[in-house]
Amino acid sequence: MRQVSISFLALLILAQLAFGGSISGTVTNATSVDGMFLVVAMLHAGITDLTSAPMTYIFSPEYMQDYTLTNDAIVDFNPFFPIAYMPAGILPASGDPFGAQLFPPVITWGGVATDVDITLFSSGYIGGNINYTGSYAQVCVNVYDYYSILSPTLESTHFIGADNYLLSVIPSGPKQVQAFDDLNGNRIFDDGEPSGYYSIPFLGFDIVLVTGNISTSGINITIDPTGIGETRNLPDNSSLDIYPNPFNSTVTIAVGAGFTPASFEVFDINGKIIEEIPHVHLNKGSSGGSFTWTPDESVGSGVYFVRASVGDENITKQVIYLK
């Protein structure tokens with residue numbers, strides 16, 4: 001029976017590689033703005049910016065507005081984060097009606113996900129914790145508008161002076177959020193001042209989606225106390241491979257010869273540690289080493305992330321567990 005199920009799963013994956021998949025739902029407008037067109041897009045781990053995400057355009061939208069987004073990039077087991085926005089003018093701008101869904105992410109089955117509904121808002125909140133080994137007395141938060149064509153542009157600066165923050169009535173849309181230690185007290189981020197940016201854990205997005213229906217308590221930022229943000233490069237032959245992926249009982253985690261991790265950690269989509277392996281005995285060969293991971297019975301099917309760490313550096317890869 002398991003062999004039949006795996007064969008059927010393989011056929012679904014091959015079919016999607018050839019035809020792609022679709023995500024559909026309804027967009028509701030909770031604002032008083034009526035735009036000429038609506039954009040629905042799906043953020044995922046493979047994109048480099050907002051414009052590279054799969055998207056569809058709907059002209060003269062009505063609310064409630066149904067949508068269907070079909071794209072070759074929509075395949076099973078890849079988590080998607082839907083967004084929708086309606087420019088008040090020709091180009092989208094901060095504060096235009098915007099909606100999003102972050103958690104749980106959308107995952108297609110058989111190349112299809114339905115009832116993925118999105119509500120548009122004109123503002124939202126940003127909040128979270130600030131991790132810093134220095135003094136919080138002059139800590140500030142910058143909010144950048146991510147709609148800017150060339151690069152994120154500074155939208156507002158907020159004095160915090162504490163290890164947690166909550167910013168209210170922030171214009172809706174994609175943002176970049178930075179915390180910094182304002183050493184000279186001028187309420188401007190200057191080169192060399194300790195700082196850090198928020199990014200979605202394990203997916204690498206540095207985008208904060210501001211809209212009325214998203215919880216903002218988890219926009220946590222770590223300030224680099226050096227003010228330089230320097231990182232050491234991993235060896236050229238470092239790698240982290242996971243196979244089979246998806247898996248349904250045991251998975252092999254392999255590393256390249258130039259990368260000898262001190263520890264491995266497995267996280268779920270919310271960043272919760274599922275398993276921590278501080279010291280790994282690798283089965284070493286000429287091209288690197290490997291070990292196997294068998295999830296505990298309490299671990300359910302879903303998307304997980306394996307992180308291999310050495311010193312201050314790490315590599316993270318996504319893995320799909322099908323029980």
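Values in this text are rule-based calculations from the coordinates and carry no lab data. Here the structure is a predicted model, which means the values were calculated and not measured. Note: ideal-geometry Cβ built from the backbone for every residue, glycine included; neighbour counts use all protein chains shown.
Write down the Kirkwood hydrodynamic radius of segment 123-222, to one decimal in angstroms, obtained as one divided by the mean of 1/r over all alpha carbon pairs. Present the calculation step by step, with values, prior to reporting the outcome.
Values: mean 1/r = 0.0737 Å⁻¹.
It works out to 13.6 Å.
When the alpha carbon coordinates of segment 17-147 are projected onto the principal axes, the ranges are 54, 36, 22 Å, largest first. Counting every C-alpha pair in segment 112-151, the share spaced more than 13 angstrom apart comes to 77%.
How high is the relative contact order of segment 110-175, given as a whole-number percent (alpha carbon pairs under 8 Å, six or more residues apart)?
On the way: 92 pairs, mean separation 28.0, N = 66.
It rounds to 42 percent for segment 110-175.
Average projection, convex hull of the Cα set of segment 34-99: 4.8 square nanometres.
Here each label is just a point 7 Å from Cα along the line to Cβ, and for Asp115 and Asn220 those points are 3.2 nm apart. Full extension of the chain between Val33 and Ala73 yields a length gain of 11.3 nm, computed as 0.36 nm times the residue separation minus the alpha carbon distance.
How much length would be gained if the chain were fully extended between Asp190 and Asn131, taking 0.36 nm per residue of separation minus their Cα-Cα distance, in nm to one decimal?
19.3 nm
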